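Novice: My structure is below; once you've seen it, I'll send some questions.
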(Lines give C-alpha, C1' and ligand atoms only; values in the text may rest on other atoms or scores of the structure.)
Protein backbone atom coordinates (compact mmCIF):
# COMPACT_ATOMS: atom_id res chain seq x y z
CA UNK A 1 0.00 0.00 0.00
CA UNK A 2 1.23 3.47 -0.85
CA UNK A 3 -0.67 5.25 1.90
CA UNK A 4 -0.14 5.32 5.68
CA UNK A 5 -2.71 5.45 8.45
CA UNK A 6 -1.24 8.79 9.50
CA UNK A 7 -1.90 10.24 6.06
CA UNK A 8 -5.48 9.02 6.28
CA UNK A 9 -5.84 10.58 9.74
CA UNK A 10 -4.69 13.92 8.32
CA UNK A 11 -7.09 13.59 5.39
CA UNK A 12 -10.06 12.85 7.69
CA UNK A 13 -9.23 15.62 10.16
CA UNK A 14 -8.81 18.11 7.31
CA UNK A 15 -12.15 17.03 5.85
CA UNK A 16 -13.79 17.75 9.20
CA UNK A 17 -12.04 21.04 9.89
CA UNK A 18 -11.67 22.41 6.35
CA UNK A 19 -8.26 23.63 7.39
CA UNK A 20 -4.86 21.91 7.67
CA UNK A 21 -3.77 24.01 10.65
CA UNK A 22 -6.80 22.98 12.70
CA UNK A 23 -6.38 19.37 11.58
CA UNK A 24 -2.74 19.42 12.70
CA UNK A 25 -3.75 20.84 16.07
CA UNK A 26 -6.36 18.13 16.50
CA UNK A 27 -3.76 15.44 15.74
CA UNK A 28 -0.98 17.08 17.83
CA UNK A 29 1.18 17.58 14.74
CA UNK A 30 2.99 20.57 13.29
CA UNK A 31 1.25 22.28 10.41
CA UNK A 32 4.16 21.49 8.08
CA UNK A 33 4.00 17.78 8.95
CA UNK A 34 0.24 17.66 8.35
CA UNK A 35 0.52 19.57 5.08
CA UNK A 36 3.33 17.26 3.95
CA UNK A 37 1.31 14.14 4.78
CA UNK A 38 -1.70 15.38 2.83
CA UNK A 39 0.39 16.52 -0.12
CA UNK A 40 2.24 13.20 -0.23
CA UNK A 41 -1.03 11.26 -0.19
CA UNK A 42 -2.37 13.21 -3.16
CA UNK A 43 0.92 13.04 -5.09
CA UNK A 44 1.33 9.29 -4.63
CA UNK A 45 -2.00 8.71 -6.37
CA UNK A 46 -1.80 11.69 -8.76
CA UNK A 47 -5.13 12.96 -7.52
CA UNK A 48 -6.75 15.87 -5.74
CA UNK A 49 -9.04 15.27 -2.77
CA UNK A 50 -9.87 18.89 -1.93
CA UNK A 51 -10.83 22.07 -3.72
CA UNK A 52 -8.86 25.04 -2.43
CA UNK A 53 -11.29 27.91 -1.74
CA UNK A 54 -9.33 30.79 -0.22
CA UNK A 55 -7.87 29.48 3.02
CA UNK A 56 -10.40 26.66 3.28
CA UNK A 57 -10.24 23.17 1.87
CA UNK A 58 -13.45 21.56 0.68
CA UNK A 59 -13.80 17.91 -0.30
CA UNK A 60 -14.21 17.40 -4.02
CA UNK A 61 -16.11 14.48 -5.53
CA UNK A 62 -13.30 11.97 -5.03
CA UNK A 63 -12.67 13.22 -1.49
CA UNK A 64 -16.35 12.85 -0.60
CA UNK A 65 -16.35 9.27 -1.91
CA UNK A 66 -13.20 8.49 0.09
CA UNK A 67 -14.31 10.03 3.41
CA UNK A 68 -16.67 7.28 4.67
CA UNK A 69 -14.21 4.54 3.66
CA UNK A 70 -11.37 6.23 5.52
CA UNK A 71 -13.52 6.80 8.60
CA UNK A 72 -14.47 3.12 8.66
CA UNK A 73 -10.89 1.95 8.06
CA UNK A 74 -9.47 4.09 10.86
CA UNK A 75 -12.18 2.86 13.22
CA UNK A 76 -11.23 -0.73 12.47
CA UNK A 77 -7.52 0.05 12.83
CA UNK A 78 -8.15 1.42 16.33
CA UNK A 79 -10.09 -1.73 17.18
CA UNK A 80 -7.23 -3.94 15.94
CA UNK A 81 -4.75 -2.08 18.15
CA UNK A 82 -7.04 -2.38 21.14
CA UNK A 83 -7.41 -6.14 20.68
CA UNK A 84 -3.67 -6.64 20.19
CA UNK A 85 -2.99 -4.78 23.42
CA UNK A 86 -5.73 -6.82 25.14
CA UNK A 87 -7.15 -3.67 26.66
CA UNK A 88 -10.60 -2.75 27.83
CA UNK A 89 -12.53 -0.56 25.33
CA UNK A 90 -10.94 2.86 25.12
CA UNK A 91 -10.74 5.88 22.87
CA UNK A 92 -13.17 8.65 22.05
CA UNK A 93 -16.88 8.59 21.33
CA UNK A 94 -18.65 11.65 19.91
CA UNK A 95 -22.37 11.59 20.64
CA UNK A 96 -24.88 14.11 19.35
CA UNK A 97 -28.28 14.59 20.97
CA UNK A 98 -31.23 16.86 20.41
CA UNK A 99 -32.34 19.21 23.20
CA UNK A 100 -34.82 17.05 25.09
CA UNK A 101 -32.71 13.90 24.80
CA UNK A 102 -29.47 15.70 25.64
CA UNK A 103 -30.82 17.53 28.67
CA UNK A 104 -33.06 14.84 30.17
CA UNK A 105 -31.97 11.40 28.93
CA UNK A 106 -28.41 11.31 27.59
CA UNK A 107 -26.57 12.68 30.65
CA UNK A 108 -27.72 9.92 33.06
CA UNK A 109 -26.77 7.29 30.47
CA UNK A 110 -23.42 8.98 29.91
CA UNK A 111 -22.73 9.05 33.67
CA UNK A 112 -23.34 5.30 34.06
CA UNK A 113 -21.35 4.55 30.90
CA UNK A 114 -18.31 6.54 32.10
CA UNK A 115 -18.47 4.79 35.46
CA UNK A 116 -18.30 1.37 33.80
CA UNK A 117 -15.87 2.31 30.99
CA UNK A 118 -13.59 5.04 32.36
CA UNK A 119 -11.12 4.67 29.47
CA UNK A 120 -13.70 5.76 26.90
CA UNK A 121 -13.87 9.53 26.58
CA UNK A 122 -17.35 10.74 25.59
CA UNK A 123 -18.12 14.14 24.12
CA UNK A 124 -21.80 15.12 24.11
CA UNK A 125 -22.93 17.76 21.63
CA UNK A 126 -26.47 19.15 21.87
CA UNK A 127 -28.26 20.75 18.91
CA UNK A 128 -31.49 20.38 16.93
CA UNK A 129 -32.34 17.41 14.71
CA UNK A 130 -31.20 18.96 11.43
CA UNK A 131 -27.82 19.97 12.86
CA UNK A 132 -27.17 16.59 14.50
CA UNK A 133 -28.03 14.72 11.30
CA UNK A 134 -25.68 16.88 9.25
CA UNK A 135 -22.82 16.30 11.67
CA UNK A 136 -23.38 12.53 11.56
CA UNK A 137 -23.31 12.72 7.76
CA UNK A 138 -20.01 14.66 7.94
CA UNK A 139 -18.52 12.12 10.42
CA UNK A 140 -18.17 14.90 12.99
CA UNK A 141 -20.31 12.73 15.29
CA UNK A 142 -20.21 8.95 15.73
CA UNK A 143 -23.91 8.68 16.53
CA UNK A 144 -26.93 10.94 16.88
CA UNK A 145 -29.91 10.62 19.22
CA UNK A 146 -32.73 12.64 17.68
CA UNK A 147 -36.37 13.53 18.36
CA UNK A 148 -37.55 14.13 14.81
CA UNK A 149 -37.97 11.93 11.79
CA UNK A 150 -35.06 12.28 9.38
CA UNK A 151 -34.46 10.41 6.15
CA UNK A 152 -31.23 10.36 4.13
CA UNK A 153 -29.81 7.66 1.89
CA UNK A 154 -26.48 7.72 3.77
CA UNK A 155 -28.02 7.36 7.24
CA UNK A 156 -29.11 4.32 9.19
CA UNK A 157 -32.11 5.29 11.32
CA UNK A 158 -33.40 3.08 14.13
CA UNK A 159 -36.32 3.59 16.51
CA UNK A 160 -35.27 3.99 20.15
CA UNK A 161 -38.18 4.87 22.45
CA UNK A 162 -41.62 6.50 22.51
CA UNK A 163 -42.36 10.05 23.60
CA UNK A 164 -45.30 12.45 23.72
CA UNK A 165 -45.60 16.23 23.68
CA UNK A 166 -47.71 18.17 26.16
CA UNK A 167 -49.36 21.55 25.77
CA UNK A 168 -48.91 23.55 28.97
CA UNK A 169 -49.42 26.98 30.52
CA UNK A 170 -48.71 28.88 33.71
CA UNK A 171 -51.25 28.74 36.58
CA UNK A 172 -52.16 32.37 35.84
CA UNK A 173 -53.04 31.79 32.17
CA UNK A 174 -56.71 32.27 31.17
CA UNK A 175 -56.87 28.69 29.84
CA UNK A 176 -55.91 27.10 33.15
CA UNK A 177 -59.48 26.10 34.02
CA UNK A 178 -60.33 24.65 30.61
CA UNK A 179 -60.68 20.87 30.77
CA UNK A 180 -59.81 20.48 27.09
CA UNK A 181 -58.65 22.82 24.35
CA UNK A 182 -60.89 23.15 21.32
CA UNK A 183 -59.87 24.36 17.85
CA UNK A 184 -60.97 27.93 18.64
CA UNK A 185 -58.75 27.89 21.74
CA UNK A 186 -55.74 26.67 19.75
CA UNK A 187 -55.99 29.43 17.14
CA UNK A 188 -56.78 32.17 19.68
CA UNK A 189 -53.77 31.45 21.88
CA UNK A 190 -50.27 32.90 21.69
CA UNK A 191 -47.73 30.10 21.26
CA UNK A 192 -44.12 29.84 22.39
CA UNK A 193 -42.48 27.09 20.36
CA UNK A 194 -39.20 25.46 19.42
CA UNK A 195 -37.57 26.62 16.19
CA UNK A 196 -38.12 24.99 12.80
CA UNK A 197 -35.64 22.18 12.25
CA UNK A 198 -36.18 20.76 15.73
CA UNK A 199 -37.90 17.44 16.31
CA UNK A 200 -40.32 19.00 18.79
CA UNK A 201 -41.46 21.58 16.25
CA UNK A 202 -41.81 18.87 13.60
CA UNK A 203 -44.20 16.92 15.83
CA UNK A 204 -46.16 20.06 16.78
CA UNK A 205 -46.60 21.10 13.14
CA UNK A 206 -47.76 17.60 12.20
CA UNK A 207 -50.29 17.59 15.05
CA UNK A 208 -51.57 21.01 13.98
CA UNK A 209 -51.91 20.02 10.33
CA UNK A 210 -54.61 22.17 8.77
CA UNK A 211 -54.28 24.84 11.45
CA UNK A 212 -50.68 26.03 10.89
CA UNK A 213 -51.70 29.16 8.98
CA UNK A 214 -54.05 30.17 11.80
CA UNK A 215 -51.69 29.50 14.72
CA UNK A 216 -50.37 32.67 16.40
CA UNK A 217 -46.66 32.07 17.07
CA UNK A 218 -45.55 34.68 19.58
CA UNK A 219 -41.99 33.40 20.08
CA UNK A 220 -39.72 30.76 18.51
CA UNK A 221 -36.87 29.76 20.83
CA UNK A 222 -33.99 27.30 20.49
CA UNK A 223 -33.84 26.16 24.10
CA UNK A 224 -36.32 24.26 26.24
CA UNK A 225 -35.54 26.25 29.37
CA UNK A 226 -36.11 29.55 27.55
CA UNK A 227 -39.56 28.34 26.51
CA UNK A 228 -40.33 27.37 30.09
CA UNK A 229 -39.33 30.82 31.34
CA UNK A 230 -41.50 32.56 28.76
CA UNK A 231 -44.51 30.36 29.58
CA UNK A 232 -43.94 30.89 33.31
CA UNK A 233 -44.28 34.61 32.64
CA UNK A 234 -47.75 33.96 31.20
CA UNK A 235 -46.60 34.97 27.72
CA UNK A 236 -48.54 32.13 26.10
CA UNK A 237 -48.90 28.38 25.67
CA UNK A 238 -45.92 26.06 25.25
CA UNK A 239 -45.57 22.58 23.81
CA UNK A 240 -42.72 20.36 24.96
CA UNK A 241 -41.96 16.73 25.74
CA UNK A 242 -43.56 15.26 28.86
CA UNK A 243 -40.05 14.27 29.91
CA UNK A 244 -39.03 17.93 30.07
CA UNK A 245 -42.11 19.00 32.03
CA UNK A 246 -42.80 16.25 34.55
CA UNK A 247 -41.14 17.97 37.54
CA UNK A 248 -42.75 21.38 36.94
CA UNK A 249 -46.21 19.90 36.37
CA UNK A 250 -45.89 17.78 39.51
CA UNK A 251 -44.90 20.86 41.54
CA UNK A 252 -47.70 23.02 40.14
CA UNK A 253 -45.42 25.44 38.34
CA UNK A 254 -47.10 24.50 35.05
CA UNK A 255 -50.50 23.09 34.17
CA UNK A 256 -50.88 20.45 31.45
CA UNK A 257 -53.74 21.14 29.03
CA UNK A 258 -55.67 18.31 27.39
CA UNK A 259 -55.69 18.26 23.57
CA UNK A 260 -57.70 15.11 22.71
CA UNK A 261 -57.98 16.00 19.03
CA UNK A 262 -54.23 16.23 18.47
CA UNK A 263 -51.76 13.38 17.96
CA UNK A 264 -48.73 14.43 20.00
CA UNK A 265 -47.00 11.03 19.98
CA UNK A 266 -43.57 10.57 18.43
CA UNK A 267 -40.46 8.40 18.61
CA UNK A 268 -36.84 9.05 19.45
CA UNK A 269 -34.29 7.62 16.99
CA UNK A 270 -30.66 6.55 16.66
CA UNK A 271 -28.90 7.78 13.52
CA UNK A 272 -25.53 6.57 12.21
CA UNK A 273 -23.73 7.00 8.94
CA UNK A 274 -24.42 3.92 6.82
CA UNK A 275 -20.68 3.36 6.35
CA UNK A 276 -19.73 4.06 9.96
CA UNK A 277 -17.68 1.25 11.50
CA UNK A 278 -19.33 0.13 14.74
CA UNK A 279 -16.45 -0.47 17.09
CA UNK A 280 -16.84 -1.97 20.55
CA UNK A 281 -17.19 1.45 22.21
CA UNK A 282 -20.06 2.44 19.94
CA UNK A 283 -21.76 -0.95 20.33
CA UNK A 284 -21.54 -0.65 24.11
CA UNK A 285 -23.05 2.86 24.00
CA UNK A 286 -25.96 1.58 21.90
CA UNK A 287 -26.46 -1.25 24.40
CA UNK A 288 -26.59 1.20 27.32
CA UNK A 289 -29.16 3.35 25.53
CA UNK A 290 -31.34 0.31 24.83
CA UNK A 291 -31.22 -0.72 28.48
CA UNK A 292 -32.45 2.65 29.70
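The values are calculated or read from the model by the stated rules, or taken from the named source; none is laboratory data. The model shown is predicted, which means the values in this text are computed figures rather than measured ones. Cβ atoms come from the backbone with ideal geometry, glycine included; neighbour counts cover every protein chain shown.
Novice: Are any of the residues in region 10-19 surrounded by 14 or more Cβ atoms within 10 Å (Cβ to Cβ), assigned to a loop (DSSP other than H, G, I, E, B) and outside the structural domain of residue 242 (by TED's automatic domain parsing)?
Specialist: yes
Novice: Only one of these conditions is not met by residue 94: (1) over 20 Å from residue 275 (Cα atoms); (2) touching a strand residue (DSSP E or B) at 6+ places or on another chain (Cβ under 9 Å). Which number is it?
Specialist: Of (1) over 20 Å from residue 275 (Cα atoms); (2) touching a strand residue (DSSP E or B) at 6+ places or on another chain (Cβ under 9 Å), only one is false for residue 94: (1).
Novice: Could you list, in sequence order, all residues of region 261-281 that are in contact with a strand residue (DSSP E or B) (Cβ under 9 Å, 6 or more places away or on another chain) and at pLDDT 90 or above?
Specialist: Selection gives 262, 264, 265, 266, 267, 268, 269, 270, 271, 272, 273.
Novice: Out of 227, 192, I need the residue that is assigned to a helix (DSSP H, G or I), under 25 Å from the mean Cα position of the chain (by Cα) and surrounded by 14 or more Cβ atoms within 10 Å (Cβ to Cβ). Which one? Please lay out each step first, then the result.
Specialist: Values: 192 fails: assigned to a helix (DSSP H, G or I).
227 is the lone residue from the list that is assigned to a helix (DSSP H, G or I), under 25 Å from the mean Cα position of the chain (by Cα) and surrounded by 14 or more Cβ atoms within 10 Å (Cβ to Cβ).
Novice: Looking for whichever is farther than 23 Å from residue 208 by Cα and either buried (at least 18 other Cβ atoms within 10 Å of the Cβ) or touching a residue at least 24 places away in the same chain (Cβ under 8 Å) (or both) here; the options are 266, 291, 284. Which one fits?
Specialist: Step by step, each of 266, 291, 284 is checked, and only 284 is farther than 23 Å from residue 208 by Cα and either buried (at least 18 other Cβ atoms within 10 Å of the Cβ) or touching a residue at least 24 places away in the same chain (Cβ under 8 Å) (or both).
Novice: So, in region 195-213, of the ones that are without any contact (Cβ under 8 Å) to a residue 24 or more places away in the chain and part of a loop (DSSP other than H, G, I, E, B), which residue ends up farthest from residue 268 (Cα to Cα)?
Specialist: 210
Novice: Just to check your reading of the model, which residue among 66, 27 is over 30 Å from residue 241 (Cα atoms) and either touching a strand residue (DSSP E or B) at 6+ places or on another chain (Cβ under 9 Å) or in the same structural domain as residue 119 (by TED's automatic domain parsing) (or both)?
Specialist: 66
Novice: Inspect region 271-287 for any residue being under 24 Å from residue 195 (Cβ atoms) and touching a helix residue (DSSP H, G or I) at 6+ places or on another chain (Cβ under 6 Å) and give the result as yes or no.
Specialist: Yes: region 271-287 contains one or more residues that are under 24 Å from residue 195 (Cβ atoms) and touching a helix residue (DSSP H, G or I) at 6+ places or on another chain (Cβ under 6 Å).
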